[in-house]
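Have a look at the structure below before the remarks.
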Amino acid sequence: MSGFANFGNELYTGKRSYNFVGSKKIWFTIAAVAVALSIIIPVAKGGFNLGIEFRGGSEFTVSNVQTTEAALGEKAVTDVVEGSVPRVANVAGTTMRIQTDKLTDDETLRIKEGLTAAYGVTDDEVTSTFIGPTWGADVTKQALIGLVVFVLLASVLMALYFRTWKMSLSAIAGMVVTMFITAGVYALSDFEVTPSAIIGFLTVLSYSLYDTVVVFDKIRENTADLDASTRRTFAEEVNLAVNQTLVRSINTMMVAILPVGAILFIGAGLLGAGTLRDLSLALFVGILIGTAATIFVAAPMYAFLRRNEPDLVRQAKRVEHRRASSADRPASAEPAQA
Amino acid sequence: MARTGPKKPGLRVLVWLGVIIAALTAVLAGGTLGGQASWAPKLALDLEGGTQMILAPKVEGGSDINEEQLNQAVAIIRQRVDGSGVAEAEISTQSGRNVVVSLPGTPSSQTRDLIQASADMNFRPVLLNGAGAPVPEESRTPEDQLPKPTAEPANSSDINWITPEIYRQFEALDCDNPSQDEQERSDPAKPLVTCEPATATTPAIKYILGPVEVKGSNIVTSSFQLQQGAQGAVTNDWAVNIQFDEEGTAKFKEVTERLNQFYVAAGGDSGNDPKAQFAIVLDDQVISAPRSLAVITDGRPQITGGFTEQTAKALSDQLRFGALPISFEIQSEQQISATLGGEQLRMGLLAGIIGLLLVVFYSLFQYRALGFVTIASLVVAGILTYLAIAILGWTENYRLSLAGVAGLIVAIGQTADSFIVYFERIRDELREGRGLVSAVENGWKRAKRTVLASKAVNLLAALVLYFVAVGNVRGFAFTLGLTAIADLIVVFMFTHPTLQLLARTRFFGEGHRLSGLDPKRLGAVPLYRGAGRVRTPEDKPVLVRAKNAGAAAEAERRMTIAERRLAEKQEQLAGSSRTAAKENK
């Protein structure tokens with residue numbers, strides 16, 4: 001612990017400091033590139049890997065099966081359609097459900113035969129249906145409404161709490177970056193986008209704002225009486241606040257991601273596809289990016305938005321002045337360490 | 001502030017928390033003993049197993065259903081199911097033809113009826129009515145005395161609609177034992193013989209009805225309220241309001257003009273001409289047959305008489321949902337086994353336990369003994385959440401879904417974060433050289449604000465997700481919101497008071513190496529505590545200055561004019577000497 005605590009101490013005093021705000025050009029460029037890629041990749045790839053609820057698909061129901069082994073169903077499908085990733089689930093005591101992409105009539109017939117043989121059932125115990133994409137569209141529409149409502153309300157809430165729209169805007173900017181990059185990671189990695197993943201996605205947005213609020217709260221505290229101080233410029237105060245909350249940010253991210261990681265491990269490793277896995281995957285990716293976006297985008301952006309305010313410009317000049325005058329006394333610049 | 005506080009600050013709050021938990025437990029125990037509640041939370045379809053129904057919508061007239069109608073059908077079923085208090089119902093379309101309804105548990109026959117209930121609603125004028133029981137064979141009207149139409153019926157209320165065949169049907173009809181065979185949907189252009197089923201308070205009544213005059217699809221909306229008396233005062237009688245669209249308004253005016261004549265001719269309230277009644281027919285069954293007391297010209301009739309709040313609501317719901325000319329037929333009904341759900345739940349809980357353990361290890365690693373406070377707080381949060389879910393399952397029929405379980409697991413991290421914000425603030429205060437007791441108080445003052453603000457964001461997200469989202473999103477949003485509230489309660493009523501108490505123990509107060517709050521390790525300057533407080537800014541450790549911009553600024557503000565002048569002069573001097581130095585180079 002002493003290592004990490006010491007790290008925290010140094011960050012706190014400013015002895016060790018990462019220049020998050022000063023290097024904003026680099027971060028903004030990286031973020032812009034990442035966002036651009038997140039838009040380009042899905043377009044180039046021809047969209048996301050949507051779940052059966054969105055794209056529609058074929059679904060087989062096998063009743064009175066002899067065994068509920070999922071692998072049998074998978075094999076029956078892959079034997080016919082190579083490279084297909086069917087989702088097999090035991091939906092009732094002796095009923096299996098197999099979901100696949102949309103199939104041709106011929107494929108449907110052959111898979112049906114395969115399933116009949118694999119599960120040892122008669123021909124009429126296997127039914128096949130197509131699933132229309134209406135359900136997914138419904139979820140998507142609602143998710144979009146939710147997104148807009150949430151962003152609007154959260155913006156107002158933050159603007160009221162921080163009493164400046166610039167913080168609100170910066171926080172939203174961080175959230176938007178998180179949103180795009182998380183979606184981009186989804187597109188890049190070919191994770192399946194299911195309604196559950198969309199829930200996770202919306203939760204990530206809330207996490208992203210939550211994280212930003214905590215850091216911004218510290219920024220506000222540090223910059224409260226800035227106009228009367230010549231110790232640091234506004235940007236430096238913002239940077240110090242980010243550094244001072246860095247340990248918190250890391251710890252927060254860790255405790256948030258540990259349970260999610262546990263779900264992911266259990267979900268992916270032992271359960272296969274489903275609500276738990278889809279949800280936690282979106283959260284896992286989003287929490288990582290959300291934490292980074294607060295530090296690298298939201299906070300520097302806030303400093304950037306306020307860089308031209310006359311009061312702050314004057315204050316920065318005073319700081320510069322004072323530094324110039326104390327340049328001959330280097331002893332004072334070094335923090336005293338016990 | 002803390003130094004002057006009560007002897008054991010925080011103890012009282014902890015006692016209150018204990019009282020709250022005991023009260024919630026008592027409520028749940030009471031419910032369980034009463035047989036309505038259970039200790040285990042109720043589970044949703046995906047965890048408990050349940051029923052999946054595939055419904056085939058049928059449009060009036062037998063034409064194929066289009067996509068728009070199907071979407072309308074889904075919306076209507078969703079409204080019906082949600083309205084009936086079934087949580088976590090999932091309604092989706094399949095193959096662009098069917099509607100799939102997934103309900104947790106086994107639906108009551110009431111719910112089943114509600115889902116299936118035909119939305120084929122019509123208004124037909126009453127031609128004749130009678131008691132619900134069949135007329136005994138021997139006393140039935142002889143052949144030659146049967147009513148015979150004398151002319152083509154002039155309007156829907158014309159008695160000439162009643163043919164001998166229809167009259168025979170009417171006499172034979174037994175409303176207590178309706179025939180079970182599937183009947184064809186009635187022809188809207190022909191008269192209909194049907195029943196109004198018996199209710200708890202009224203016996204069954206059978207009717208001969210004229211052809212359809214106003215369609216259910218002409219209803220815009222319907223509501224129910226307490227009836228207003230003559231002076232506008234609210235009475236104790238419930239009334240159902242209907243609002244027709246333009247077409248319905250015109251037709252209904254026409255109908256009431258005719259029916260009201262029968263009402264007036266029969267002597268108003270004292271008379272009883274069945275032809276003054278119009279029947280609201282749902283799925284070929286009369287759900288209500290009020291008399292037309294007045295001519296309704298504005299398309300906003302009000303139905304009154306003998307309603308309770310429940311019956312008024314029921315009729316109002318039927319009218320509102322009945323506005324769609326689509327009926328449903330259950331094509332298949334499948335019970336989803338609890339096996340899969342049980343497996344998923346087990347895995348979910350396993351994931352939760354692993355997640356919890358990881359968080360516990362991480363807290364202990366990061367915060368040493370303080371980590372135990374985190375663990376204890378998480379346990380208290382867990383107890384509160386569990387009690388809330390179990391009680392809500394009892395009172396609100398809230399059911400925990402897999403997404404809800406995921407929400408609970410995710411919440412572990414978010415709950416623990418409040419403690420991290422708080423602990424880090426305490427450490428900050430220690431780094432500034434405060435004693436633990438005041439560090440706890442000051443840290444709390446600052447952390448409190450942050451925790452409240454950030455939890456507000458969490459709650460907002462949960463609320464938006466809950467109210468906007470469909471299907472199993474709700475379960476997730478609900479648990480997120482619930483845990484955010486539980487977290488606030490725990491931070492305020494457990495974590496902070498506990499730390500107040502712990503700050504006074506030797507282990508924590510003297511900053512034991514393993515306490516997680518060891519000032520030395522946190523880089524505090526011990527000198528600062530004991531030695532003289534008057535220091536020049538240069539002597540003061542940077543960290544102290546850094547800490548409180550407010551205080552520093554305040555100090556600067558308090559310089560006298562002379563001091564400021566001096567400082568400015570020095571600055572100028574320093575500036576010029578630097579320039580000079582530069583030139584020398």
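How far apart, in nanometres, would the label points at B:ALA200 and A:ASP123 be if each is projected 7 angstrom from Cα along the Cα-to-Cβ direction?
Taking the two extended label points, one gets 5.4 nm.
Just to verify a number: FRET efficiency for A:ILE145 and A:ILE40, C-beta to C-beta distance, R0 = 25 Å, to 0.05?
It comes to 0.40.
For B:GLY10, which sequence-distant residues (separation of 5 or more, or a different chain) have an amide H within less than 5 Å of its own amide H, given hydrogens modelled in the peptide plane?
Answer set, sorted by chain and number: none.
Which parts of region A:225-249 would a label at A:ARG163 reach, counting a residue when its backbone N lies under 13 Å from a point 7 Å out along Cα-to-Cβ?
Label zone hits: A:225-226.
Average partner chain C-beta neighbours within 10 Å, per residue of B:477-490?
The mean count of partner-chain Cβ atoms within 10 Å per residue comes to 1.
Would you mind getting me the FRET efficiency between A:GLU82 and A:SER23? Use the beta-carbon distance for r and R0 = 45 Å, nearest 0.05.
0.40
Can you list residues whose amide H is under 5 Å from B:LEU128's amide H, if they're 5+ apart or on another chain and H is modeled 1.01 Å from N?
Under 5 Å from the amide H of B:LEU128 lie the amide H atoms of B:ILE208, each far enough along the sequence or on another chain.
Region A:171-278: which trypsin sites (Lys or Arg not before Pro) are DSSP loop and have at most 16 other beta-carbon atoms within 10 angstrom?
Hits after loop and neighbour filter: nothing returned.
For chain A, build the charge dipole from Cβ charges (+1 Lys, Arg; -1 Asp, Glu) around the Cα centre, then report which of A:MET96, A:LEU279, A:LEU205 sits farthest towards its positive end.
In chain A, that residue is A:LEU205.
Over 25 Å between C-alpha atoms is what I'm after, so list which of A:LYS75/B:LYS42; A:LYS24/A:LYS218; B:LYS42/B:LYS448; B:LYS148/B:LYS251; A:LYS24/B:LYS448; A:LYS102/A:LYS141 land there.
Distance filter (> 25 Å) returns A:LYS75/B:LYS42; B:LYS42/B:LYS448; B:LYS148/B:LYS251; A:LYS24/B:LYS448.
Mind ranking A:SER170, B:SER223 by accessible surface for me, highest first, 1.4 Å probe?
B:SER223, A:SER170
To the nearest 100 Å², how much accessible surface do chains B and A hide from each other in total, with a 1.4 Å probe?
The contact between A and B buries close to 7800 Å².
Students sometimes get this wrong: rank A:LYS25, B:LYS251, B:LYS275 by accessible area, probe 1.4 Å, all chains present, largest first.
Correct descending sequence by accessible area is A:LYS25, B:LYS251, B:LYS275.
So for B:LEU103, B:LEU460, what's the accessible-area order with a 1.4 Å probe, most first?
So, going from the largest accessible area down, we get B:LEU460, B:LEU103.
Mind listing the long-range amide H neighbours of A:GLY51? Cut-off is under 5 Å, sequence gap 5 or more, other chains count too, H placed in the peptide plane at 1.01 Å from N.
Hits under the 5 Å cutoff: A:VAL193, A:THR194.
Which log10 I(q)/I(0) values, to two decimals, does chain A give at q = 0.09, 0.12, 0.14 Å⁻¹ under the Debye formula with one point per Cα?
So the normalised log intensities work out to -0.62, -0.90, -1.10.
Work through the residues other than A:PHE60 whose Cβ is under 10 Å from its Cβ and net out their charges, Lys, Arg +1 and Asp, Glu -1.
Net local charge, A:PHE60 excluded: +1.
Can you give me the orientation-averaged projected area of the convex hull built on the Cα atoms of region B:391-484, in nm²?
If I average the Cα hull's projected area over directions, I get 6.9 nm².
Would you kindly work out the equivalent ellipsoid of region B:194-324 from its C-alpha gyration tensor and give its semi-axes, the square roots of five times the eigenvalues, largest first in whole Å?
Semi-axes, largest first: 19, 18, 18 Å.
Using 0.36 nm times the number of residues separating A:GLU309 and A:ALA71, minus their current alpha carbon distance, what extension gain do you get?
Contour length minus the Cα-Cα distance gives 79.2 nm.
Place a label point 7 angstrom from the Cα of B:SER38 along the Cα-to-Cβ direction, then list the residues of region B:379-394 whose backbone nitrogen is under 18 Å away.
Within reach of a label on B:SER38: B:386-394.
Taking 25 Å as R0, compute the FRET efficiency from the Cβ-Cβ separation of B:ASN155 and B:ALA250 and round it to 0.05.
0.95
Counting only protein heavy atoms and a 1.4 Å probe, tell me what percentage of chain A's accessible area is made up of carbon and sulfur.
Carbon-and-sulfur percentage of accessible area, whole number: 62.
The values are calculated or read from the model by the stated rules, or taken from the named source; none is laboratory data. None of these values were measured; they are calculated from a predicted model. Backbone-built Cβ (ideal geometry, glycine too); neighbour counts: all protein chains shown. Just so you know, the surface numbers come from the protein's heavy atoms only, side chains and all, with ligands and any DNA or RNA stripped out. Shrake-Rupley method; radii C 1.70, N 1.55, O 1.52, S 1.80 Å.
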